[in-house]
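For reference, the structure discussed in these notes is given below.
Taken together, the values in this text are just the output of simple stated rules run on the coordinates, not laboratory data. Fair warning: this is a prediction, and the values are worked out from it, not measured in the lab. Here the Cβ positions follow ideal geometry from the backbone for every residue, glycine too, while neighbour counts run over all protein chains shown.
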Amino acid sequence: MRKSIVAVVGRPNVGKSTIFNRLVGERISIVEDTPGVTRDRIYAEAEWLNMHFNIIDTGGIEIGDEPLLVQMRAQADVAIDEADVIIFMVNGREGITGADEEVAKLLYKSNKPVVLAVNKVDNLEMRDQIYEFYALGFGEPFPISGTHGLGLGDMLDEVVKHFPERPDAVEDEETIHFSLIGRPNVGKSSLVNAILGEERVIVSSIEGTTRDAIDTSFTKDGRDFVIIDTAGMRKKGKVYESLEKYSVLRALKAMERSDVVLVVLDADTGIREQDKKIAGYAHDAGRAIVIVVNKWDAIERDEKTMKEFEEDVRQQFQFLDYAPIVFLSAKTKKRIHTLLPQVLQASENHTKRVQSSILNEVLMDALAMKPVPSLKGKKLRIFYMTQIGVAPPTFVVFVNEPELLHFSYERFLENRIREAFGFEGTPIKIYARQRK
Ligand code: GDP
Ligand code: GDP
């Protein structure tokens, strides 16, 4: 089920990315004093008191050298298009500016719920200064301080009040939903067409086009699939639609609805930094992943090329060591038939459950093979393990002290589990919990 989306808008330097980072809980976008510094990451899962939602830092969506006003309009448009709730941020130390009023006008017309956050209210004495912001017309202003983390709770309480009610989706569990993610021009659209045009693929219906993507359902070898295509959606003609970050954002939203994500690479251009970033998103989302190396027709090959390319992928995408790699050409259709079986397998592994008794045999063998190390003179004791969930498969190990389970030992356990049960194509998660 899709998580609610919150977008933060406001003129440069009011503190959008500071808040974004705080809510996401890691310092992942760059905060600097220079207005308009490029951000790395504009979309992430945020958590506040156990509530999970996705947050967009619209300040990271930049359009070339366009003037400030054009930029802000585009950013507000993205927020209006994508978000369930908009946080409109202003600077409590500067009062209302013309730029704030411009943003306010756009949000006014949007019919989306807007929560007004007055940032940089770093202490109680400053709270009197927030009243002037009533004039913006969005009701009660919420004083916050991004750098000190003040007032966020009250603001977020207001934000979540506006989350839409979502009935539990009655999705067909058997149908495999997948989407494609990758840089522009790696061949995502071509690949969608190639998959749907594949032999013995029966395209049963083109479902209603959603706001974000075109869903197409089809059957192959008796299995039902839905391909969620955002790549083909270059529409509307709005300025920001062609932006790379924006298309990534669309793809990330599609990823939310996917069981399997295809990370598409271009053999012709090779691996770029941006590929890794995009793949990182897919990994973080906990979806099953298949790496697709497209345009295999376009490069000079000999018998060693595939192996070398594979080594390169493994080297550069170490965090995706579980993902199978498929080499193909959307253009010539060569090896295209190898893709869906991998999608199917990744999806099955993503929802696989293993028996506790066998799992604990694997655990005992692992403990015998590699005794647990001591940390600061304390010894970790591992008692037993159980699978608590799927999609992705999630395990809990019960231990004497969770802090003693070092990352490297956790990794070792993960590898043993993978060897025993074969979770190819899916990340797995392991948590340590104290035995009561
Ligand atoms: P953005 O351009 O809207 O994303 O703004 P940034 O998050 O990059 O912040 C701009 C500047 O304001 C940075 O120097 C931040 O350290 C500073 N800043 C952000 N939040 C606060 C706050 O709550 N109080 C104060 N005093 N400064 C802040
Ligand atoms: P997208 O932006 O990722 O959706 O990429 P497109 O599907 O629009 O493809 C970008 C360009 O790459 C187009 O010119 C395609 O014809 C070309 N292309 C796509 N797949 C292949 C392929 O397998 N081999 C070659 N040689 N070109 C391809």
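Quick check on the chain: helices-only [θ] at 222 nm, where DSSP H runs of length 4 and up contribute -39,500 (n - 2.57) each and the sum goes over total residues. Nearest 500, please. Please list the in-between numbers first.
On the way: 11 runs with 132 residues, N = 436.
Calculated mean residue ellipticity at 222 nm is -9500 deg cm²/dmol.
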key: Which listed pairs, of K112/K253; K3/K161; K188/K245; K161/K429; K16/K245; K379/K429, have C-alpha distances above 20 Å, in listed order   = K161/K429; K379/K429
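If you average 1/r over all unlike Cα pairs in the stretch 104-186 and invert the result, what Kirkwood radius do you get in angstrom?
Details: mean 1/r = 0.0610 Å⁻¹.
16.4 Å is the Kirkwood radius here.
Pick out, in residue order, every one of the trypsin sites (Lys or Arg not before Pro) in the stretch 344-390 that is DSSP loop and has at most 15 other C-beta atoms within 10 Å; say none if there are none. Don't skip to the end; give the middle numbers.
Numbers: sites: K352, R353, K376, K378, K379, R381; in loops: K352, R353, K376, R381.
When the trypsin sites (Lys or Arg not before Pro) of the stretch 344-390 are filtered for loop state and at most 15 Cβ neighbours within 10 Å, R353, K376, R381 remain.
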key: P(r) histogram, all alpha-carbon pairs of the chain included - 20 Å bins from 0, percent   = 23, 50, 26, 1
key: Per principal axis, descending, Cα span of the stretch 356-434 in whole Å   = 37, 22, 21
query = Going by how many other beta carbons lie within 10 Å of each one, how would you line up S190, S145, fewest first?
reply = S190, S145
request  = Work out from phi, with θ = phi - 60° and the Karplus expression 6.51 cos²θ - 1.76 cosθ + 1.60, the ³J(HN,Hα) of each residue of the stretch 416-423, listed in order in whole Hz, and give x for Gly and Pro.
outcome  = 5, 4, 5, 4, 6, 10, x, 9
message = Let me check against my output: what whole-number percent is the relative contact order of the chain, with C-alpha pairs under 8 Å and at least 6 apart?
response = 10
request  = Please list the non-local residues whose amide H lies under 5 Å from the amide H of F395, H modeled 1.01 Å from N, same-chain partners needing a gap of 5 or more.
outcome  = I388, K429, I430, Y431
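Tell me which GluC sites (Glu not before Pro) from the stretch 296-342 have a DSSP coil assignment and no more than 15 other beta carbons within 10 Å of their own.
Working: sites: E300, E303, E308, E310, E311; in loops: E300, E303.
Here the sparse-neighbourhood loop sites are E300, E303.
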query = GluC sites (Glu not before Pro) within the stretch 118-200: which are DSSP loop residues with at most 16 other Cβ atoms inside 10 Å?
reply = E165, E171, E173, E174, E198, E199
remark   = Footprinting proxy, L340, L265, L68, L150: sorted fewest to most Cβ within 10 Å, the residues are L68, L150, L340, L265
message = Order these by the 10 Å Cβ neighbour count, fewest first: D259, D81, D268, D65.
response = D65, D268, D81, D259
